[in-house]
Amino acid sequence: MTSSYIERILHQIEINDPEQPEFIQAVTEVLTSLQAVIEAHPEYEKQAILERLIEPERTIIFKVPVEMDDHHVEVYRGFRIQHSSALGPYKGGIRFNPNVNLSVMKFLAFEQTFKNALTGLPLGGGKGGSNFDPKGKSEGEIRRFCESFMTELYRHIGPEKDVPAGDMGVGGREIGYLYGTYHRLLAESRLGAITGKGVGYGGSLARKEATGYGLVYFVSEVLKNHPIDKPRAVISGSGNVAIYACQKARELGWKVIGMSDSKGYILDEDLDLETVRKIKEEMRVSLEKYPEMAGHGIYGTGSIYDTDFKADIVMPCACQNEIDLRRAKHLKESGVQIVAEGANMPDSNEAIAFYKENGVIFVPGKASNAGGVATSGLEMSQNGQHLGWSFEEVDNRLHHIMISIHQQCRDACRKYGLPEDDYVSGANIAGFTRVVEAMIAQGIY
C-alpha cells in the first residue's frame, strides 16, 4: 500500500502536468519505490521534500532559428531543464531529436538527478535539447543549428553552473560546434563547461566507450550473485552505448546474438561487430545492409523484441518505452533472466512490474547506464586540474564507480528490508537519500 503522502503527490502531478506523460511515468516509478523511506521519515512531508524534489529549479525554453542551405529559415524549440543543484552544478546531456518536448526533457532531468547522485561525484541533475532532427541535414545546417542553439544556451551554463554533454543526436561533431560557439561568445576558454569534447581539446579518453562499458560492468556484478555460464545477450540499438556494450560483453566471454536500429534488427550467432560499427559510424545507414556485408546473419524490420530468440541477458540501449508489458512477457518466454537498461526508461512501468513479479532481474538505467555521466564527471576533473589521464586510468575509475553503484543499490535494499536484487528500489532509495540529505543540510530552496 502506497503512503498517503506519495499518493497525494502523484495525484497532484497528474493535475499540474496532465500533458506530460513521460515525466509522470518517471516520477511514478521513483516515488512508488520510496515507500519504506517515506515511512521511516515522516518529517519529509512537513518539509515538503517530494514537492521540492519533483519541481525543477529552473525550466528554460527558447527559440532556435536556423537558415537552411536553400536560404529559407526554420525555427525549432530549445530546452534546458536545470532540475537540481543540491549536489553540484547541473549535469546532463543535450538531445537533438524530433520527439523532444517539455515532458521528455523533464523526465530525463529528473532521472539524471538520481543517476548523478549514485556516481558519488559532486554533480547535480539537468537535461536539454531541441526538436531539431540532424538526420538528413547537411553539415552546414547542423553547424548553423548548433551555433544558434548555443547563442542562447551559453548564458545559462558554465563549469560551476551547468555542464551539458552529448546525447541522442549530439555526438562529437555537434559537441565541437557547440563548444566552439560557447568559447567564441565568451572570448575565453572554459573547457569544463561542456563534456564529451574531442581528446585534442580537453576531452577524456574512454568517454565514448563509457556508458556501454559501464552497463556491462554493472551486469557483471549482478552475475556474481546469479552466475550464468557463457551468457547469451541481445542488445537493442546500434549507437555508442550498444556498440561498446557489445564490445565489452564479448571481451568478457558473452555471446551477443542481436542488435537493432530504428528501422529493424539483426540476429546472428556469429555477430560481426566491426561490420555493425562500419554501417552505423562510417556509412550512417540502416542495418539492412548487414547480412550482405557480413556474409551471414538475418535482418528483419520492426522491433527486435517482437522476434524469436533465446537469450539470458537483454540490454535495451535505444529509446524510452521500447519494451511494454507484451514484450516483457515475450522476453520471459525467451529465457531472459536479466534486463539492464542502457537507454533512459526503455521499459514501461507495467513491464518493470512484470519482471519483478516473475523473477526477471531488472536494473534501471539510472544505475546501469550511469557510466557515461560518471566519465563526464571525470572529464570535468581532468579539465579542472589541466591534466589528461590514460585510457586505462579512466576505465579503471569507471569500473570502480559501477561496482560502487551496484553495492549502493544492495546496501539500500538491505537497510530497508527489501530483496537485495530489487535494483529499482535500491537505486531510487540510494540516489534519493543522497540528494535529500544535501537539500536538508542547505535549508529550504
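Once you reduce segment 113-146 and segment 368-426 to the center of their Cα atoms, the two points are 21 Å from each other.
When the alpha carbon coordinates of the chain are projected onto the principal axes, the ranges are 59, 52, 43 Å, largest first. Between LYS63, LYS106, LYS46, the residue with the greatest mean-square fluctuation in the GNM of the chain (Cα pairs under 10 Å linked by springs) is LYS46. Spatially, segment 1-47 and segment 315-338 are offset by 26 Å when compared through their Cα centroids. Taking the Cα centre of the chain as origin and assigning +1 to Lys and Arg Cβ atoms and -1 to Asp and Glu Cβ atoms, the resulting dipole is close to 720 debye.
I'd like to know which of ALA233, SER376, CYS246 lies farthest towards the positive end of the charge dipole of the chain, counting +1 on Cβ of Lys and Arg and -1 on Cβ of Asp and Glu. Of the candidates, SER376 comes out farthest on the positive side. Diagonalising the gyration tensor over the Cα atoms of segment 194-241 and scaling each eigenvalue by 5 before taking the square root yields semi-axes of 29, 13, 7 Å, largest first.
Do the sum for the chain: with -39,500 (n - 2.57) for every DSSP H run of n ≥ 4, divided by all residues, what is the mean residue ellipticity at 222 nm, to the nearest 500 deg cm²/dmol?
-14500 deg cm²/dmol
Listed by chain and number, the lysines whose alpha-carbon sits under 16 Å from that of LYS329, ignoring those within fewer than 8 places in the same chain, are LYS310, LYS356. Only one residue of GLN47, ILE15, ASN99 has its Cα farthest out toward the positive end of the dipole of segment 1-123, where Lys and Arg carry +1 and Asp and Glu -1 on Cβ, and that residue is GLN47. In a simple Cβ point-charge model (Lys, Arg +1; Asp, Glu -1; nothing else charged), segment 302-354 has a dipole of about 100 debye relative to its Cα centre.
With 0.36 nm allotted per residue and the present C-alpha distance subtracted, the LEU387-LYS255 stretch has 43.8 nm of extension available.
Any idea what the dipole of segment 1-122 comes to, in debye rounded to 20, about its Cα centre with Lys/Arg Cβ at +1 and Asp/Glu Cβ at -1? Approximately 380 debye in magnitude. For LYS161, the lysines whose Cα falls under 26 Å of its own Cα, not counting residues fewer than eight places away in the same chain, are LYS63, LYS91, LYS106, LYS115, LYS127, LYS197, LYS208, LYS366.
A short reminder: the numbers here are calculations on the coordinates, not readings from a lab. What you see is a predicted model; the values in this text were computed from it and never measured. So basically every Cβ, Gly included, is an ideal-geometry build from the backbone, and we count neighbours across all protein chains shown.
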